[in-house]
Amino acid sequence: MARHGTTRAGRWPVQLRFKTNPTSEQYINQKAWRNASLAGCPLHPNGGCSLARHGTYERIKPPGTRISRWYCPQAHCTFSLLPDCLAARLSGSLHELEAVVVAVEQAKSLEAAADRLRLDIELPGAILWTRRRVKYVHVCLRIQLGLVPELFTG
């Protein structure tokens with residue numbers, strides 16, 4: 001159940017990839033969300049629904065980032081197009097996420113890296129914040145290793 005009392009979307013693809021080349025700064029400066037388009041409804045591939053653009057929503061980080069959305073009234077579901085430069089389920093860009101993992105790899109410990117990375121919060125919160133990002137990257141790399149092992153050879 002979702003917070004609002006209805007069932008969650010479950011396995012429905014509610015956040016989709018928006019194939020973009022720019023960095024997060026270029027995405028914001030070019031207002032690239034205006035060019036985002038969804039060819040058809042992911043839930044109705046043969047058409048027949050009234051899929052329509054549903055505006056945008058703002059992400060906290062990086063500031064000024066907007067994500068375009070579509071709505072399928074038949075399925076009562078919205079779809080967001082997340083650009084390649086942004087991390088899914090985390091605030092910030094993929095570049096920022098990578099910087100956290102590099103900082104942890106170069107530090108004496110995760111705790112030491114967290115203490116340097118997040119000066120704005122207490123150490124226990126900084127550790128959780130850092131650990132979540134490192135775990136996220138490790139999970140993604142394990143999935144890639146299973147799907148495309150040739151990327152990791154040589």
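Restricting to the stretch 117-134, name every residue that is closer than 13 Å to VAL102 by Cα and among the charged types (D, E, K, R).
ARG131, ARG133
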Scanning the stretch 11-27 for residues that are in contact with a helix residue (DSSP H, G or I) (Cβ under 9 Å, 6 or more places away or on another chain) and aromatic (Phe, Trp, Tyr), the one surrounded by the most Cβ atoms within 10 Å (Cβ to Cβ) turns out to be TYR27
Could you tell me which residue of the stretch 64-77 is surrounded by the fewest Cβ atoms within 10 Å (Cβ to Cβ), considering only residues that are in contact (Cβ under 8 Å) with a residue 24 or more places away in the chain and under 18 Å from the mean Cα position of the chain (by Cα)? GLY64
Collect the residues in the stretch 38-56 that are surrounded by 10 or more Cβ atoms within 10 Å (Cβ to Cβ) and among the polar types (S, T, N, Q), keeping them in residue-number order. SER50, THR56
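Would you mention how many residues in the stretch 78-102 are part of a helix (DSSP H, G or I) and either free of Cβ contacts under 8 Å to residues at least 12 places away in the same chain or under 20 Å from ASN21 (Cα atoms) (or both)?
So the answer is 7.
Residues of the stretch 103-122 being part of a loop (DSSP other than H, G, I, E, B) and among the small types (Gly, Ala, Ser), which ones?
Our first condition is that a residue be part of a loop (DSSP other than H, G, I, E, B); within the stretch 103-122, this holds for 107-109, 118-122.
Result: ALA107, SER109.
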Those residues of the stretch 79-98 that are of a type in the set (Ser, Thr, Tyr) and farther than 16 Å from TRP33 by Cα come to a total of 1
Does the stretch 28-66 hold any residues that are under 17 Å from LEU90 (Cα atoms) and either in contact with a helix residue (DSSP H, G or I) (Cβ under 9 Å, 6 or more places away or on another chain) or part of a loop (DSSP other than H, G, I, E, B) (or both), and which are they? ARG59, ILE60, LYS61, PRO62, PRO63, GLY64, THR65, ARG66
Sole exception among (1) modelled with pLDDT of 95 or more; (2) over 22 Å from ILE28 (Cα atoms); (3) surrounded by 11 or more Cβ atoms within 10 Å (Cβ to Cβ); (4) of a type outside the set (A, V, I, L, M, F, W, C) for LYS108, by number: (3)
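The values are calculated or read from the model by the stated rules, or taken from the named source; none is laboratory data. Note that the structure is predicted; figures quoted are calculated from it, not measured. Positions of Cβ are backbone-derived with ideal geometry, glycine not excepted, and every protein chain shown enters the neighbour counts.
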